[in-house]
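Here the structure is laid out as structure tokens; the discussion comes afterwards.
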Amino acid sequence: MSKNPNKIIILGLGNPDKQYQNNRHNVGHLFLNWLQKEKNFPPFKENKKVQAVITTFSYQDQIIILAKSLNFMNESYKTFSALKKYFQAEEKDFIVVHDDTDLLIGQYKIQFSRGAAGHRGVLSIINHFGKNFYRIRIGVRPKQESRRRKADELVLKNFTKEEKEELNSIFPKIAEQLNASKLIEN
């Protein structure tokens, strides 16, 4: 991604139904909700063409699109594809935000062109488009977990109040790192 890209699409993965809103699998949506409020983006609006709720913001010569997928996790590629076509974007214009059960709550990683590491939503995108995109992996594994549960047992559990507070404390660090790396400028 160049230093002053024309557009950046930050795609938050998650499940669309209200019952999943506070699930660990929906940390991508939670991050975008925080970013939208923190950076004063306009309100999210549903866009059926891109199979997401989106908001856009222009800053200097850069257009930043926040998109929360309306497809279930295993079909994340559908939203990726629709956004790519609608905004005439390339894979490298995307930053995909998702949960990671290998990382503890409070941890995150920003990476480019990596494998799915078992994440089915990311795998669906890689299987259709390759891995030439950025990812923000946000940890969702509880720190006090005595026995390591399988991802399937963990991702549909809700965050506790304390865990959500910890997430809200790392979201500014993620945004700061995105700014510092010139992935987004704001």
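Which residue pairs have Cβ atoms closer than 8 Å, lie 6 or more positions apart in sequence or on different chains, and pair a first residue in the stretch 66-83 that is on the phi < 0 side of the Ramachandran plot and without any contact (Cβ under 8 Å) to a residue 60 or more places away in the chain with a second residue that is of a type in the set (A, V, I, L, M) and open to solvent by 10 Å² or more (accessible area, probe 1.4 Å)?
Pairs that qualify, where the first residue is on the phi < 0 side of the Ramachandran plot and without any contact (Cβ under 8 Å) to a residue 60 or more places away in the chain and the partner is of a type in the set (A, V, I, L, M) and open to solvent by 10 Å² or more (accessible area, probe 1.4 Å), are Leu66/Ile54; Ala67/Val53; Ala67/Ile54; Lys68/Val53; Lys68/Ile54; Leu70/Val53.
Residues of the stretch 33-51 being assigned to a helix (DSSP H, G or I) and aliphatic (A, V, I, L, M), which ones?
Leu35
Please state which of the following conditions Tyr86 fails to meet, knowing it meets all the rest: (1) farther than 22 Å from Asn127 by Cα; (2) among the aromatic types (Phe, Trp, Tyr); (3) open to solvent by 30 Å² or more (accessible area, probe 1.4 Å); (4) without any contact (Cβ under 8 Å) to a residue 60 or more places away in the chain.
Tallying (1) farther than 22 Å from Asn127 by Cα; (2) among the aromatic types (Phe, Trp, Tyr); (3) open to solvent by 30 Å² or more (accessible area, probe 1.4 Å); (4) without any contact (Cβ under 8 Å) to a residue 60 or more places away in the chain, Tyr86 fails exactly one: (1).
Based on what the data block shows, is Glu176 modelled with pLDDT of 80 or more, open to solvent by 60 Å² or more (accessible area, probe 1.4 Å) and over 17 Å from the mean Cα position of the chain (by Cα)?
It is false that Glu176 is modelled with pLDDT of 80 or more, open to solvent by 60 Å² or more (accessible area, probe 1.4 Å) and over 17 Å from the mean Cα position of the chain (by Cα).
Inside the stretch 37-65, can you point out the residues that are touching a Lys or Arg at 6+ places or on another chain (Cβ under 8 Å) and closer than 20 Å to Ala82 by Cα?
Listed by number, the residues that qualify are Phe44, Gln51, Ala52, Val53, Ile54, Thr55, Phe57, Ile63, Ile64, Ile65.
Which one of the conditions (1) assigned to a loop (DSSP other than H, G, I, E, B); (2) at pLDDT 90 or above; (3) loosely packed, with under 15 Cβ neighbours inside 10 Å does Glu162 fail to meet, given that it meets all the rest?
The one condition Glu162 does not meet is (1).
Looking at the stretch 16-32, I want the residues that are within 17 Å of Gln107 (Cα to Cα) and have a partner that is among the aromatic types (Phe, Trp, Tyr) with Cβ atoms under 7 Å, at least 6 apart or on another chain. Which pairs are those?
Pairs found: Arg24/Phe159; Asn26/Tyr20; Phe31/Phe171.
Restricting attention to the stretch 72-83, report how many residues are open to solvent by 20 Å² or more (accessible area, probe 1.4 Å), at pLDDT 95 or above and among the polar types (S, T, N, Q).
Result for the stretch 72-83: 1.
When residues of the stretch 19-34 are filtered for being open to solvent by 20 Å² or more (accessible area, probe 1.4 Å), under 17 Å from Thr79 (Cβ atoms) and touching a Phe, Trp or Tyr at 6+ places or on another chain (Cβ under 6 Å), how many remain?
Looking only at that region, the number is 0.
Out of Ile63, Ile95, which single residue is open to solvent by 60 Å² or more (accessible area, probe 1.4 Å) and part of a strand (DSSP E or B)?
That would be Ile63, the only listed residue that is open to solvent by 60 Å² or more (accessible area, probe 1.4 Å) and part of a strand (DSSP E or B).
The values are calculated or read from the model by the stated rules, or taken from the named source; none is laboratory data. In this text, all values refer to a predicted model and were calculated from it rather than measured experimentally. With ideal geometry, Cβ positions are generated from the backbone for all residues, glycine too; neighbour counts draw on all protein chains shown. Note: accessible area is taken over every heavy atom of the protein model, side chains too, but ligands, DNA and RNA are not part of it. Shrake-Rupley method; radii C 1.70, N 1.55, O 1.52, S 1.80 Å.
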